[in-house]
């Protein structure tokens, strides 16, 4: 399969996916009628009206949780494709992943030093 054919298939799948999503959106707009109700614009949590305003700022302590989540999420996102090509590439892939994991470990150490792993 040539590179041009592969790009053509990718373009076709992208156009097909966008077309499918747009057709579902248009179908839902045509079939479902939107009713204006006074309760739809009121923020609610679990059936109860929210006591806090909608635009509440999050506390800074969640920064550590977000940092740790991103570190481990990126690790998993890159380790799956790496495991597929590891046999073909060999030692270079192992060293590259070692550097990547070391950088993520530094992020974990930073989060630990900031107290992100302490219970609150």
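The values are calculated or read from the model by the stated rules, or taken from the named source; none is laboratory data. Remember, predicted model here, so these are calculated numbers, not experimental data. Virtual Cβ from ideal backbone geometry, glycine too; neighbours counted across all protein chains shown.
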query: Would you say residue 19 is assigned to a helix (DSSP H, G or I), at pLDDT below 90 and either touching a helix residue (DSSP H, G or I) at 6+ places or on another chain (Cβ under 6 Å) or farther than 29 Å from residue 105 by Cα (or both)?
result: no
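Here's the yes/no breakdown for (1) at pLDDT below 75; (2) closer than 30 Å to residue 112 by Cα:
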site: 2; (1), (2): no, no
site: 9; (1), (2): no, no
site: 24; (1), (2): no, no
site: 27; (1), (2): no, no
site: 31; (1), (2): no, no
site: 58; (1), (2): yes, yes
site: 76; (1), (2): no, yes
site: 85; (1), (2): no, no
site: 94; (1), (2): no, yes
